[in-house]
Amino acid sequence: MENNFTYATGRRKTSTARVYLAKGKGNILVNDLPLEEYFGREVAKILVKQPLVLLNMLDKFDINIKVSGGGSFGQAGAIRHGIARALEKYDVENRPSLKSAGYLTRDSRKSERKKIGLVKARKSKQFSKR
């Protein structure tokens, strides 16, 4: 059986997105729901579509995404990263524009762990001399 899709993985914080890119009419499904239903906020929807808008390919691909972990914006960032990597795999000519826009770079920032004796990761209790 011949594969007629391109696969890529995107990550952000603790979210992981598996992106399947196939030729189509521009349908984007996230965990079997349309993009508009899955993400409530408009900013997250815009974030997901950024690589497609950059390359003017918004209505050329059907995208099926399985995403897990993290919050809504972490998931949106993971999906954006995955779509950018899939577009690069699909056509290497897309790499320079995606790279210059910063969509291929994995954002490695994560939440710092809480330390013993502190209230949060860096916040400590108020100090009083007396």
The listed residue being under 16 Å from residue 13 (Cβ atoms) and among the aromatic types (Phe, Trp, Tyr), out of 73, 61: 73
Of all residues making up region 30-61, the number that are crowded, with 16+ Cβ neighbours inside 10 Å and either β-branched (Val, Ile, Thr) or not in a helix (DSSP H, G or I) (or both): 6
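Return the residues of region 9-27 that are over 11 Å from residue 79 (Cα atoms) and surrounded by 13 or more Cβ atoms within 10 Å (Cβ to Cβ); say none if nothing qualifies.
So in region 9-27, the residues over 11 Å from residue 79 (Cα atoms) come out as 13-14, 21-27.
13, 14, 21, 22, 24, 26, 27, listed by residue number.
Looking at region 112-121, is at least one residue farther than 18 Å from residue 5 by Cβ and touching a residue at least 12 places away in the same chain (Cβ under 8 Å)?
no
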Per-region count, region 101-130, residues more than 23 Å from the chain's Cα centre (by Cα) and among the polar types (S, T, N, Q): 3
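The numbers here are math on the coordinates, done by the rules we state, and not lab data. Computed from a predicted model, the values in this text were never measured in an experiment. Ideal geometry is used to build each Cβ from the backbone, glycine not excepted, and the neighbour counts take in all protein chains shown.
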